[in-house]
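Enquirer: What follows is a structure written as structure tokens; I'll ask about it next.
What follows draws every value from the coordinates through simple rules; no lab data is involved. Please read these numbers as outputs of a predicted model, since none were measured by experiment. Cβ sites come from the backbone with ideal geometry, for glycine too, and all protein chains shown count toward neighbours.
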Ligand SMILES: Cc1cc2nc3c(=O)[nH]c(=O)nc-3n(C[C@H](O)[C@H](O)[C@H](O)COP(=O)(O)O)c2cc1C
């Protein structure tokens, strides 16, 4: 799939997945796309746990009980080292976001669906509970979780504002 087609076809999927597997070969391709994202000062503070063990997937789904997690054949956890790298500045959030967007596009290009789970991890110690299951070392933060599979009921990207309401040449607001 061409890059611009993947950008157009990417959408947040929250429904159930079919039983179709996500082979490790594809998971490696997806995460390699995340690894190749830019990072602040090339410090590469984002790391990834690829979950495909059915027992572990079920344990995560117990914590995050929703169709997209209950039926995911794999999940990718994006973990960040939040320590400042340059003059007190941490780029951990930006690094994770860059990696995750690359992975969303790779997931789409390979014919799978996913959703960027982030806000939901910040409630009820959910990130900490999943971190424990995944052996995330103290000091590192689980920031984003991507359940991956083949969508049972494919959807569409949410509507975006038109170009001329969000972008202008040379002067903000046109
Ligand atoms: C920083 C960030 C946090 C998000 N957190 C969640 C989340 O916790 N749960 C969820 O279902 N979707 C989450 N999303 C997905 C957004 O809701 C989704 O991208 C948005 O509604 C637009 O829909 P689209 O992805 O189909 O274009 C998050 C997206 C971003 C970029």
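Enquirer: Within region 132-152, how many residues turn out to be in contact (Cβ under 8 Å) with a residue 12 or more places away in the chain and over 20 Å from the mean Cα position of the chain (by Cα)?
Expert: Of the residues in region 132-152, 1 are in contact (Cβ under 8 Å) with a residue 12 or more places away in the chain and over 20 Å from the mean Cα position of the chain (by Cα).
Enquirer: Residues 49, 28: which one is in contact (Cβ under 8 Å) with a residue 40 or more places away in the chain and either closer than 24 Å to residue 92 by Cα or touching a strand residue (DSSP E or B) at 6+ places or on another chain (Cβ under 8 Å) (or both)?
Expert: So the residue among 49, 28 that is in contact (Cβ under 8 Å) with a residue 40 or more places away in the chain and either closer than 24 Å to residue 92 by Cα or touching a strand residue (DSSP E or B) at 6+ places or on another chain (Cβ under 8 Å) (or both) is 49.
Enquirer: Oh, and also: Quick check on region 164-172. Is at least one of its residues in a strand (DSSP E or B) and either farther than 27 Å from residue 36 by Cβ or within 16 Å of the ligand (Cβ to nearest atom) (or both)?
Expert: Within region 164-172, not a single residue is in a strand (DSSP E or B) and either farther than 27 Å from residue 36 by Cβ or within 16 Å of the ligand (Cβ to nearest atom) (or both).
Enquirer: Taking the condition of being within 16 Å of the ligand (Cβ to nearest atom) and exposed (fewer than 12 other Cβ atoms within 10 Å of the Cβ), how many residues in region 6-45 meet it?
Expert: Within region 6-45, residues that are within 16 Å of the ligand (Cβ to nearest atom) and exposed (fewer than 12 other Cβ atoms within 10 Å of the Cβ) number 0.
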